[in-house]
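Everything below concerns the one structure shown next.
The values are calculated or read from the model by the stated rules, or taken from the named source; none is laboratory data. Note that the coordinates shown come from a computational prediction; the quantities given were computed from them, not determined experimentally. With ideal geometry, Cβ positions are generated from the backbone for all residues, glycine too; neighbour counts draw on all protein chains shown.
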Amino acid sequence: MSILAWVIVGIIAGWLAKMVIPGEGPGGVLGDLVIGVVGAIAGGWIFNAFGHPGATGVNIGSIVVAFVGAVVVLWLMRQITGTRGARLA
């Protein structure tokens, strides 16, 4: 995939992952991008382990792969750092 494709898929996947896992994200659009791109790599690895293709371009399949990976990465990040969901005051 091209750099632009990674950026587009990363932003979408990172944003979707932050919608699924509540709490404060790692830093706006740039944080979404980083979580999404790392998630696309992790998702590609996870899907390849089960015999399915990873992220292949800007398409629904790649966004799903990146989203699954981004959710896993975001969840692991919050487990390691101890960050919890947003609390109501």
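Scanning segment 27-85 for residues that are assigned to a helix (DSSP H, G or I), at pLDDT below 80 and of a type in the set (A, V, I, L, M, F, W, C) yields VAL29, LEU30, LEU33. Go through (1) modelled with pLDDT of 75 or more; (2) assigned to a loop (DSSP other than H, G, I, E, B) and name the single condition ALA13 misses. Every listed condition holds for ALA13 apart from (2).
Each residue in segment 17-33 was checked for being surrounded by fewer than 19 Cβ atoms within 10 Å (Cβ to Cβ) and closer than 10 Å to ALA70 by Cβ, and 2 pass.
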